[in-house]
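The structure appears right after this line, and notes come after that.
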Amino acid sequence: MEITVRVEDSEGPFLMELLRKFSFVQDVKQNQSSIASQIDVLWQQKASKLFETRKDFDSWLKNPNQAIDKRIPVDLLSEDGGFEVVTKLMGRLEHGIMA
């Protein structure tokens with residue numbers, strides 16, 4: 001079944017902007033979902049052994065860290081290679097190196 005929608009010239013720019021915003025929102029939601037999944041993996045693989053509580057781990061993730069030039073670990077999770085950087089940082093903690 002094919003659906004045809006007629007768009008008046010005056011509505012075109014509005015609809016294009018609306019579609020662009022919807023696409024952006026979808027991208028943001030997918031990125032947030034990906035970050036949440038990465039955090040869960042980090043918790044299950046390492047953090048649950050390093051931190052007393054999930055709340056402590058979440059706090060660590062959200063605060064600037066000297067070992068990564070005062071960047072915030074959770075922010076790295078949206079970047080290429082960020083998951084590996086955070087994993088290595090946690091490895092340093094595991095070996096008693098301040099991170």
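Annotations for the structure displayed:
- Inter-label distance, SER34 to THR87: 1.6 nm, where each label sits 7 Å from its Cα along the C-beta direction.
- Interatomic Cα distance distribution for the range 37-99, bins of 10 angstrom, percent: 23, 64, 13
- Exposure proxy shown here: for ASP40, ASP75, the number of other Cβ atoms within 10 Å sets the order, fewest to most, as ASP40, ASP75.
- Subtracting the Cα-Cα distance of SER78 and VAL41 from their residue separation scaled by 0.36 nm leaves 11.9 nm.
The numbers here are math on the coordinates, done by the rules we state, and not lab data. Since this is a predicted model, take the numbers as computed values, not measurements. Cβ: placed from backbone, ideal geometry, glycine included. Neighbour counts: every protein chain shown.
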